[in-house]
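Data first, discussion second: the structure below is written as structure tokens.
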Amino acid sequence: MTVETSKSRTPKAVLKQVLEPAKPKKILIIGGGYAGFYTAWKLEKLLKKGEAEVTLVDPLPYMTYQPFLPEVAAGSIEARHVVVSHRQHLKKTKLVSGRMTQVTHKSKKATIAIEGDKSITLSYDQIIMTAGAVTRTFPIDGIAEQAIGMKTIEEAVEVRNRLFGNFERAAALPKSSPLRKRLLTLIVVGGGFAGIEAFAELRSTATALLRYYPEISFDEVNFHLIEAMGRIMPEVSEKTAQKVIENLNKRAGYIHLNTQVVSAKDGKVKLSTGEVFESDIIIWTAGVAAAPVAKNCDFPLDARHRILANAKLQIVEGDKVIKNAWTAGDVSAVPDLSGGGVGGYCVPNAQHAVRQAKLLAKNVVASIRGEEIREYKWTTIGAVAGLGIGIGAIKVGKFGMIGFFPWLAHRGYHGLAMPTWERKIRVISGWVWNAVLGRDLVAIEATKTPRLFFETWATKPGK
Ligand SMILES: Cc1cc2nc3c(=O)[nH]c(=O)nc-3n(C[C@H](O)[C@H](O)[C@H](O)COP(=O)(O)OP(=O)(O)OC[C@H]3O[C@@H](n4cnc5c(N)ncnc54)[C@H](O)[C@@H]3O)c2cc1C
């Protein structure tokens with residue numbers, strides 16, 4: 001990259017710059033999750049007045065702190081506290097509530113679908129692709145109709161409401177009722193971090209709920225996690241993963257390793273072992289895939305449909321840099337220079353997304369100013385997981401452990417990693433109040449049909 005200094009400029013060029021000051025560069029960010037939100041946040045701090053205009057496009061008005069979703073589902077954190085409002089915290093960024101449907105980088109134009117109206121076209125000078133990932137499912141009969149993911153705040157809230165609602169309904173049914181058994185059975189598919197955390201947190205909540213439901217006994221509540229591989233949580237050592245399985249077994253949370261779901265039609269979950277469990281709550285956490293919308297852009301993708309990048313977070317085609325196009329987070333394939341990645345690329349997690357975003361913002365500003373841009377290199381320190389109140393798992397280097405200390409480490413790490421002080425305070429104070437008052441065990445399922453009461457009872461004209 002050439003760096004132009006005032007000395008190297010001709011008097012004519014200097015005069016031109018004085019008479020015609022450069023227009024602010026238009027920076028367009030697609031996706032306001034971890035990577036997009038942090039990029040915009042950092043750009044607001046780095047950019048000088050008039051240097052660039054930043055626009056962020058996302059159909060959602062908030063960034064979701066996804067590692068807290070299992071605790072939201074479990075009722076340990078209030079749902080709204082784990083999302084960070086774009087409007088409240090991105091004060092200098094122009095926000096567009098819409099979904100990018102196409103990017104034509106050759107002409108530097110992005111098409112944005114606006115709900116309920118015609119699409120708009122945004123032009124840009126620099127684009128930052130941070131549309132994240134979606135839950136990846138397999139064509140298994142019944143999964144699309146019956147299962148739910150654990151990737152969005154809405155899914156976590158629905159799981160929480162359904163679990164609490166199911167307990168309420170089951171308590172009114174006779175013990176012999178097949179429906180009662182179905183209502184008290186929960187199934188998670190996928191034994192990665194997200195699946196295990198959701199499973200363990202929900203098991204902990206279900207046990208806590210029993211105190212208020214004398215009609216239901218501990219043995220009646222069935223929790224099954226199905227994992228196709230021979231182990232769970234690839235991020236921790238086999239020994240630690242085994243301890244997690246033993247701990248969950250003791251809490252009546254059964255892990256089925258080397259087992260696949262072959263059908264989930266009508267909620268009847270058939271396993272490759274021949275076992276069948278009927279359930280109303282089937283949580284699918286068996287993988288993620290780069291946001292499919294990446295296919296609608298004229299950027300090169302790898303075999304897993306991720307946008308190809310170099311370590312400087314520039315989008316690339318082979319060795320060739322595609323100018324003014326950047327990417328980070330789960331939608332991207334960024335080389336992992338630490339040597340710890342999968343297939344040579346950074347694994348899709350928040351640890352990478354946040355750090356890549358911060359560097360990406362610096363690199364974009366440097367490129368506008370004609371300065372040097374840097375490569376992303378970061379070595380993961382470890383991982384922490386919450387497995388229900390008072391139990392966690394930790395892996396730092398070769399050290400692995402499960403129990404109370406890792407749980408404290410999990411809460412300490414994530415409490416502080418939550419972006420913005422306003423959100424940190426809400427989450428941490430919520431934990432403190434829960435410790436004093438107990439979990440908040442109320443679910444308002446009727447929010448799904450908010451007009452039902454009105455429609456049923458409102459006086460109709462002439463009646
Ligand atoms: C349950 C769970 C637990 C997790 N726990 C951990 C953990 O403990 N540690 C860790 O490091 N990672 C964890 N992760 C992974 C981590 O949350 C993700 O890796 C991270 O969110 C990726 O950030 P991102 O910005 O790439 O994507 P996201 O945060 O998913 O953001 C993508 C954004 O793009 C928007 N978008 C999508 N399509 C479009 C479009 N067409 N136009 C405009 N906007 C669009 C979305 O609305 C969203 O706001 C967890 C994930 C889950 C689901």
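All of the numbers you see were taken from the coordinates with simple rules; none came from a lab. If you're wondering where the values come from, they're calculated on a predicted model, not measured in any experiment. Positions of Cβ are generated from backbone atoms using ideal geometry, with glycine treated the same way; all protein chains shown enter the neighbour counts.
Figures for the structure shown
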read-out: Cβ-based net charge around residue 136, under 14 Å, with every Lys or Arg adding one and every Asp or Glu removing one; value: +2
read-out: Amide hydrogen neighbours beyond the local backbone of residue 109, cut-off 5 Å, H modeled; value: 104
read-out: Cα centroid separation - the stretch 111-157 against the stretch 202-233, whole Å; value: 30
read-out: Pairwise centroid distance, computed over Cα atoms, of the stretch 59-98 with the stretch 434-460, Å; value: 22
read-out: Neighbour net charge for residue 219 - beta-carbon separation under 15 angstrom, K R +1, D E -1; value: +4
read-out: The stretch 162-254: translational diffusion in µm²/s, Stokes-Einstein, Kirkwood Rh over Cα pairs, 20 °C, 1.002 mPa s; value: 154
read-out: Per-residue ³J(HN,Hα) for the stretch 114-128, Karplus 6.51 cos²θ - 1.76 cosθ + 1.60, θ = phi - 60°, Hz, x for Gly and Pro; value: 9, 4, x, 9, 6, 5, 10, 10, 10, 9, 8, 9, 10, 10, 10
read-out: The stretch 197-350: antiparallel DSSP beta bridges as a percent of all, rounded to 5; value: 65
read-out: Nearby aspartates and glutamates by direct alpha-carbon distance to residue 12 (threshold 19 angstrom, same-chain neighbours under 8 apart not counted); value: 4, 20
read-out: Of 92/151; 91/118; 239/358; 265/460; 323/377; 48/151, pairs whose Cα-Cα distance is over 30 Å; value: 239/358; 265/460; 48/151
read-out: Reach of residue 398 by Cα under 18 Å, taken over aspartates and glutamates that are not fewer than 8 positions away in the same chain; value: 235, 238
read-out: Reachable aspartates and glutamates from residue 106, criterion Cα separation under 13 angstrom, eight or more residues apart if same chain; value: 125, 298
read-out: Whole-percent pair-distance distribution, where bins are 20 Å wide, for the alpha carbons of the chain; value: 22, 51, 22, 4, 0
